[in-house]
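*Asks:* The structure that follows is given in the form of structure tokens.
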Amino acid sequence: MLLFGKKFLTAAVCGLTLVTAGCTAMRSTPYQPLQSASRVSGGYSDIRIDAEHYRVSFAGNQLTSRERVESYLLFRAAELTLLKGYDYFVIEDREVEHQIERQIRRDPLYDPWFSPYHTYWRPYWRYYRNGRGWYHWYPYYGDPFWAGRYDVRTIDRFEATADIRLGRGALPTDNPRAFDARKVRDDIEPQIEYP
């Protein structure tokens, strides 16, 4: 009896480990560089245009919200500004790309023929409704309950891109697109999820 209990416990722990590993494999994009070898798709990238101008991007996967993509973009802009020795950045141009992918798949459990061994058998039910009489249910007469079932999934992905100009000294107060890099970094950093 003890041997059976140990085997069962071992199997349960292995099963739980596999389920946990499967759940953690698919998660929203953490703050990471964009690379094809990363376990979770998406991340940040930046391109130097000239000494003071950069194009910064952050791409999220299907589990990453638009808000997270935009805040990670701001965080990367602030981080890049401080890495280059500047104090503030100005967003000169910004865009958010929204991709919608619809996947339509046939329900793998739907089999209208039930079995090759029961060629002539089909489900058929009769039921009585009070005050209305007898009804029947047969899956092949266009019943919407049994009609060819499909699984439709809508997948949203967001990618934010900004052209920024780096600056030193006091933050320009007349430009609403100017951000203090240290303040942005300090405000957003508690929300950052690293890989």
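*Asks:* Mind listing the long-range amide H neighbours of Leu63? Cut-off is under 5 Å, sequence gap 5 or more, other chains count too, H placed in the peptide plane at 1.01 Å from N.
*Replies:* Here the answer is Thr29, since their amide H atoms fall under 5 Å of that of Leu63.
*Asks:* A further question follows. Which value in nm describes the separation of the simple spin-label points at Thr154 and Ser38, placed 7 Å from the Cα toward the beta carbon?
*Replies:* So the two model labels end up 2.6 nm from each other.
*Asks:* How charged is the neighbourhood of Glu95? Take every other residue with its Cβ under 15 Å from the Cβ of Glu95, and add Lys/Arg as +1 and Asp/Glu as -1. Spell out each step's value before the answer.
*Replies:* Numbers: positive: Arg55, Arg66, Arg94, Arg157, Arg177; negative: Glu70, Glu92, Asp93, Glu97, Glu159, Asp163.
Counting the neighbours of Glu95, the net charge comes to -1.
No value in this document is a laboratory result; all are computed from the given coordinates. This is a predicted model, so every value here is computed, not measured. No Cβ is skipped: glycine too gets one built from the backbone with ideal geometry, and neighbour counts run over all protein chains shown.
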